[in-house]
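Readers should treat all values here as calculations from the given coordinates under stated rules, not as data from a laboratory. What you are looking at is a predicted structure, and each value in this text was computed from that prediction instead of being measured. Cβ placement follows ideal geometry from the backbone for every residue including glycine, while neighbour counts extend to all protein chains displayed.
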Amino acid sequence: MTLWMRLKELRRYPSALIGVAVIALLLLMSVYAVIRYPYSQAISLWRAGERTWIENPRNAAPFWYNWFGADLPLTVKVNLNEARLVDQQDLGGGVRRRLLVLSFDYPWRGGFPTEIALFYDTTFQRAAPQAVLSWRTPDGREVPLGTQTLRGSGRYLLSGDSTLARRLGAPPQEALFRDVRLGPNGVRADRPLPGRYELYVDLYTFEPDTKVDLRLVVYGQLHGWAGTDHLRRDITIALLWGAPIAIAFGMSAALTLTLWYLFISALGAWYGGWVDALVDRLTELRMILPLLPILVMVGMFWSRSIWLILAVLILYGLIGGSKGYRAMYMQARAFPYIEAARAYGASNFRIVRRYLVPRFLPLAIPAFVNAIPGYVFLEASLAILGLGDPLLPTWGKLIQDAYSRGALYLGYYYWILIPAAMLFLTGVGFAFVGFALDRVFNPRLRSL
Amino acid sequence: MLENLRRLGSYMMVRGLLLFLTVAVAIWLIIIIANLGGAMDKVIESEIKERVGAMLQNPDIQQLPAAERLRIYEQNVEILRRQYGLDRPFIERAVRYLLNGITLNFGYADRLTSDTGSKQVKLILLERLPHTLLLWGTSQVILFFLSVFIALMLSRRYGSLADRLAVALAPTSAPPAWFYGILLILIFASILRVLPYGGFVEAPPPPTRLGYALSVLKHMTLPVLSVIIGGIFSAIYSWRTFFLIYSSEDYVELARAKGLPGRVIERRYILRPTLPPIITNFAMMLIAVWMGGIITETVFAWPGLGRRLYEAIGANDTAVIVGANALYGYLLAISVFVLDILYAALDPRVRVGAVGGQRL
């Protein structure tokens, strides 16, 4: 039976089909990630710091929380060019007054915004423009917010203004959105009032060539497919990039080492004597060398680059062979076709290369697939220990970030659960396929 | 019988010696890897500074002017550097490091201290060993007996719903124990709030011995459970498969034909010949578990060896990290050795020339 026909037998196993689907999904994700955010861009986005992400909410949950009836706010952004110009006056001497209204809909009943910020970017000679701010709620209340001097480029964080908070008697992002009507039982519900909100900006410029740009950002509680982390970064990027990294890492380690074990064990078993003894001793040495602590040492003393870790992992695997394969080869030594090969004068190396290794290659296919999750989780393990790659975002690093920032205590479950789900899918997907392959290629197991 | 024991004894001696040599090579490799980043020399440097620092505590020296004290300090550091061979080529030092490594003598820690206040690396590591052994001993014993028991049961009911379910669930063992640990913490600590997030015992520890034991038990529940969930289905699957393969052998059929009771067939005809491969399997699992334990202990803040390694990483404590590597080398070697002996005791082929029919 050819290899391809055997692989087609996988169709008989529903679990294998699920596994293949999961792996295909991961591959698609990898391709998409690499095209959408090229390597260098992914790194720079992930390491960019808070400035790049300043308009994202902090620790926001994924937007699909609302599909389950959460009704939590998304982030609302209003630019100056969407503003309504209500009134403008020339006050003489280059002084101009403009009354602008930045309005937006806030349809959510499930929670308050997390922050409110007014970003500004101004150019002027000597006198900075000033803005008198006032807030209008959907039920027509007006809340004066004071006067701000818009110097250069920056942001006025309404939610961080302690004077305002004291005046309003509550954090501004709650006080400005709260539904103040009394409920039927005479109690005021602690929830936002949905509707159209307006920020009135009474803008005074003192020089004719002054330029002003404004942008109101009302930070929500939900963001993107995977939420955001403590640095406002969009977790989706790390989630996407985790796939190609995990697959490249797991597959290259598993492939190299499976082939190596197949080859070196054949060499040992065929030549016997001191070669066999050496390979066997080395295999034992590998069993005793503690892999994870050694990788910890490499990470601590050399470099944390994931590619170096991969190289060390493969070097570690090259020490010795596999006891299981050795036992199989020992039996195969006596097979008639090997004897035939010897009879026609095949060299030792030729027998190993052409007759021993190819015969057991199919048996190594399930072993290869089954080995992948182990390496993927090994990378995650190192990340959990704080030894993840310093540049690249990986699933393990996401979990470590979340774990060390107390996501489990603070209730940011998505932050751990989404990357964990990806790891789980990868692990189980490959294992499903591996188990089925084991049955296809291992006739002893087929009937079981 | 005596002959058997003698053979087993000499086998053990040879194996023990070989393994010891392997450990020595392993420790030597660890030292080479560490020192490629200059780590071992740093360990020695910090030990020298510790010793000279202690020397300067002498009141006679304390009274000297600062410049003089500095001169004495540097002079002594230089003498000790020469004494430790830091001015010699690495090859020479490697021998000394190896001897230190084999005796787990890694000098003094940079930053960490043991719970008893010592800075000796050996103490810092060894004081955590009992906790690790408690956790892993418990979970491995439960996992082993539970999976063998269930696998035997399933192999009897081959093809039943439970059997097929166990096979279908086998891939859930692909994620390691710590992965399930995080989920268990999330469910039982964060959401349900019935079990602690981690740790070894409540703070402050309960005064009575019983209370203490119960508190430890409570803290152990989740880590042990995570190890069991992480390993049980693949263990059941592989052992069930083994039993099935062996229960279709001719001699088992013959035993059935003879009308032997099922229990006897299971114990003598199926379990007995499958034990050696089971033991090998168990050994490989144990080795994987030693390594996985580092993360599981970290996740559960279990004060064992793995957590210590994590703390050493956080504190950038070179000596403790290298020491932990060597200690893990020993632990793995001991596991291999113990299982080797079990294997030899169980597999008649190892006792070459054993007097026919006798059992150990």
Return, ordered by residue number, the residues of the stretch A:29-54 whose backbone nitrogen is under 16 Å from a label point located 7 Å along Cα→Cβ of A:Trp67. none
Residues other than A:Arg98 with Cβ under 9 Å of its Cβ, Lys/Arg counted +1 and Asp/Glu -1, net out at 0
Interatomic Cα distance distribution for the stretch B:2-109, bins of 10 angstrom, percent: 13, 31, 22, 16, 10, 5, 2, 0
Extension length gain for A:Glu142 and A:Ala127 (0.36 nm per residue less Cα distance), in nm, is 2.5 nm
Just checking the output field for B:323-331: average partner chain Cβ neighbours within 10 Å of each residue's Cβ? 4
How many nm separate the modelled label positions at B:Arg71 and A:Arg196, each set 7 Å beyond the Cα in the direction of the Cβ? 8.8 nm
Relative to the first principal axis of the alpha-carbon coordinates of chain A, what is the inclination of helix A:357-384, with its axis defined by its Cα atoms, in degrees from 0 to 90 and to the nearest 10? 30 degrees
How far apart, in nanometres, would the label points at B:Ile79 and B:Arg7 be if each is projected 7 angstrom from Cα along the Cα-to-Cβ direction? 6.1 nm
Between A:Glu339, A:Glu198, A:Glu174, find the one with the highest GNM mean-square fluctuation for chain A; connect C-alpha pairs within less than 10 Å. A:Glu339
The helix A:395-404 Cα axis meets the longest alpha-carbon principal axis of chain A at an angle in degrees, between 0 and 90 and rounded to 10, of 50 degrees
If R₀ is 35 angstrom, what is the calculated FRET efficiency for the pair B:Gln63 and B:Thr116, using the beta carbon separation as r and rounding to 0.05? 0.60
With the charge dipole of chain B built from beta-carbon charges (+1 for Lys and Arg, -1 for Asp and Glu) about the Cα centre, the Cα from B:Leu184, B:Asn325, B:Ile236 projecting farthest to the positive end belongs to B:Ile236
So which chymotrypsin sites (Phe, Trp or Tyr not before Pro) in the stretch A:324-395 are both in a DSSP loop and have at most 11 other Cβ atoms within 10 Å of their Cβ? A:Tyr344
At most 16 other Cβ within 10 Å, DSSP loop - trypsin sites (Lys or Arg not before Pro), the stretch A:141-237: A:Arg141, A:Arg151, A:Arg181
Residues other than B:Ala301 with Cβ under 11 Å of its Cβ, Lys/Arg counted +1 and Asp/Glu -1, net out at -1
Give, rounded to the nearest 20 debye, the magnitude of the charge dipole that chain B has about its Cα centre when Lys and Arg contribute +1 at Cβ and Asp and Glu contribute -1 at Cβ. 1180 debye
Measure nothing fancy, just the Cα-based angle from helix B:66-84's long axis to the longest principal axis of chain B, in degrees from 0 to 90, nearest 10. 40 degrees
Between A:Leu308 and B:Ala94, with labels modelled 7 Å along Cα→Cβ, what's the label distance in nm to one decimal, could you check? 2.0 nm
Arranged by the count of other C-beta atoms within 10 angstrom, fewest first, what order do B:Lys119, A:Lys397 take? B:Lys119, A:Lys397
For peptide A:201-209, how many partner chain Cβ atoms fall within 10 Å of a residue's Cβ, on average? 0
Which of A:His230, B:His219 has the fewest Cβ neighbours within 10 Å, and the rest in rising order: A:His230, B:His219
Among A:Ala371, A:Phe335, A:Leu313, whose Cα sits farthest toward the positive end of the charge dipole of the stretch A:303-401 (+1 at Cβ of Lys/Arg, -1 at Cβ of Asp/Glu, about the Cα centre)? A:Phe335
Using only atoms on other chains, find how many Cβ atoms lie within 10 Å of each Cβ of peptide A:297-305 and report the average. 5
Gain in span if fully extended, A:Ile35 to A:Glu50, counting 0.36 nm per residue against the direct Cα distance: 3.0 nm
Would you list, by chain and number, the aspartates and glutamates whose Cα falls below 19 Å from the Cα of B:Lys42, excluding same-chain residues fewer than 8 positions away? B:Glu50, B:Glu74, B:Glu78, B:Asp87, B:Glu92, B:Asp110, B:Glu311, B:Asp317
About its Cα centre, how strong a charge dipole does the stretch A:68-219 have in debye, to the nearest 20, once Lys and Arg get +1 and Asp and Glu get -1 at the Cβ? 220 debye
Quick one: dipole size for the protein assembly as shown, taken about the Cα centre, charges +1 on Lys/Arg Cβ and -1 on Asp/Glu Cβ, in debye to the nearest 20. 2340 debye
CD proxy, 222 nm, chain A: helix-only mean residue ellipticity via -39,500 (n - 2.57) per DSSP H run with n ≥ 4, per residue, nearest 500, stands at -15500 deg cm²/dmol
So what is the 222 nm mean residue ellipticity for chain B from helices alone, if each DSSP H run of at least 4 adds -39500 (n - 2.57) and you divide by all residues, rounding to the nearest 500 deg cm²/dmol? -24000 deg cm²/dmol
Charge sum, other residues only, whose C-beta stays under 9 Å from A:Gln88's C-beta, Lys/Arg counted +1 and Asp/Glu -1: +1
As I understand it, the dipole of the stretch B:129-303 uses +1 on the Cβ of Lys and Arg and -1 on the Cβ of Asp and Glu, about the Cα centre. Which of B:Pro303, B:Leu217, B:Ala174 lies farthest toward its positive end? B:Leu217
So how do B:Ile265, B:Ile48 line up by other beta-carbon neighbours within 10 Å, fewest first? B:Ile265, B:Ile48
